[in-house]
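Notes follow the structure.
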Amino acid sequence: MKMYQMATKENFFFFLYFLRTMESYKVRLILTEQDIRKLSLDAKPKNVEELKIKIKEKCDLQYDFNVMYEDSDFDNAFCNLEDIGDLPASRATVKVIPLLVTASTTSMSDDSCVSNDTVIMPTDSSSTRHNPWPEIFEIPDFSVDVEFRLRQSNLQYLRDQTYLSVTRDMKHSILEKLAETIYKFDAYPNNERINSVALALINKHPCLKEQGSPDGCSSWKHSLKFKMGNYRTKLRKAGCVEVGVNGGKTGGPGMAAKGLKRPKRSEVNYLPEHPEGQNGDSLEAVRQLLVEEMRKVNPSGTFIASKMDLTFSMRRHEIVDAETPVKTLMERWPALFTERQVSTYSYSFFDHEKLHSV
């Protein structure tokens, strides 16, 4: 009898689960061409707004969007979803279209304004400098032989305050590595940053302190300034755009010449190289696609964000090197003057920690 009751209960719960499964509403959700998800809703939404809310909750979306659906009347071509009754009874394929708010929409009435608090952050690219200047500069490891000599000399210095007599080859190796590390943060470091590197060097390796120097590193500062100038010259000859733009400008190594094009305080990604595998022609083709996309009634925010990130180096070249007028930029890069891209641009271009400290 008990076995029969248990079997009956199991059948009953299975039946309830089956009914609930039958009542659930299946949605094939297309976020991007590479991100397509399957959603299971408790029931078919009562209206389009409810569907949007459920999509936001399920996918944790932080931006506003419109919804399109596959219309069977037109061979499953996508159409804007205005009435929830247009969706099939049990399952549907819908597509999310992020809203892109242009500067002209700010004049709209409060009832028709669309929230634009979300910024689509650019993806990482090997062509941009994403590292702001560190609060404490970390001295890198040098070659094995240099590290060995420094280790032994530091121990000797702790015992009897003996300073290391640095050979020419050893000094060249140390300065070369420091210049390479400094360039990752700043191609044109000012005196303050050069001083911080020199102080960090003698703090980590006290055997490199200089006798008779007020701070123990005056010669290292001077050598680092000239080394950065030589390092930029080497990169310029190799075709590096960021330093190549200043080729032929007068001024001593490490010194700012009049009209020198270099980042101001808080600026990063000043004049990056093109992304790997891209050149001027391929990026120009992408730019034309962006112009065509902006002519649409509802341009794709995802498409705009990804292609604007890809062409960042091209725009910087036009702005810094070619000094393109604003009117021409507005014609060539209409997406650049949307509210969302202005916000995204500031995150790509500025070191916000430094900016807020000004």
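The values are calculated or read from the model by the stated rules, or taken from the named source; none is laboratory data. Keep in mind that what you see is a predicted model, and the values were worked out from it rather than measured. Cβ: placed from backbone, ideal geometry, glycine included. Neighbour counts: every protein chain shown. Accessible surface areas use protein heavy atoms only, side chains included; no ligands, DNA or RNA. Shrake-Rupley method; radii C 1.70, N 1.55, O 1.52, S 1.80 Å.
Sorting LYS26, LYS46 by solvent-accessible area of protein heavy atoms yields LYS46, LYS26, largest first, with a 1.4 Å probe. Under the simplified labelling scheme, the MET330-ASN298 pair shows an inter-label distance of 2.8 nm, with each label point 7 Å from Cα along Cα→Cβ. Across the range 149-158, rounded Karplus estimates of 3J(HN,Hα) from the backbone phi angles (6.51 cos²θ - 1.76 cosθ + 1.60, θ = phi - 60°) give 5, 5, 4, 5, 5, 5, 5, 5, 5, 5 Hz, Gly and Pro being marked x. What the range 128-195 shows is 61 Å² of accessible area per residue, with the surface traced by a 1.4 Å probe over protein heavy atoms. Magnitude of the charge dipole for the range 280-348, about its Cα centre and with charges confined to Cβ atoms of Lys, Arg (+1) and Asp, Glu (-1), is about 220 debye.
Based on the Cβ-Cβ distance from ASP141 to ASP215, what FRET efficiency comes out when R0 is 25 Å, to the nearest 0.05? The formula returns an efficiency of 0.55 here. Rolling a 1.4 angstrom probe over the range 15-98 with all protein chains present gives an accessible area of which 48% lies on carbon and sulfur atoms. Per residue, the range 15-98 exposes 66 Å² of accessible surface when a 1.4 Å probe is rolled over the protein heavy atoms with every protein chain present. With the simple model of a label 7 Å out from the Cα in the direction of the Cβ, GLU180 to LEU158 spans 2.8 nm. Taking the Kirkwood radius as Rh and the Cα radius of gyration as Rg, the range 15-98 has a ratio of Rg/Rh equal to 0.97. Counting only heavy atoms of the protein chains and using a 1.4 Å probe, ASP86 has close to 80 Å² of accessible surface.
Only alpha carbons enter this Debye calculation for the range 144-238, each as an equal point scatterer, and the log10 of I(q)/I(0) it gives at q = 0.16, 0.24 Å⁻¹ is -0.67, -1.31. Using θ = phi - 60° in the Karplus curve 6.51 cos²θ - 1.76 cosθ + 1.60, the 3J(HN,Hα) couplings for the range 285-300 round to 5, 5, 4, 5, 5, 5, 4, 5, 5, 5, 7, 6, 5, 10, x, 6 Hz; x is entered for Gly and Pro. If you roll a 1.4 Å probe over the range 280-348 with all protein chains in place, what percent of the accessible area is carbon or sulfur? Carbon with sulfur: 57 percent of the solvent-accessible area. With both labels modelled 7 Å from their Cα along Cα-to-Cβ, the VAL286 to LYS171 distance reads 4.5 nm. Couplings for the range 215-221, taken from phi via the Karplus curve 6.51 cos²θ - 1.76 cosθ + 1.60 with θ = phi - 60°, read 10, x, 8, 4, 5, 5, 4 Hz in order; Gly and Pro are left as x.
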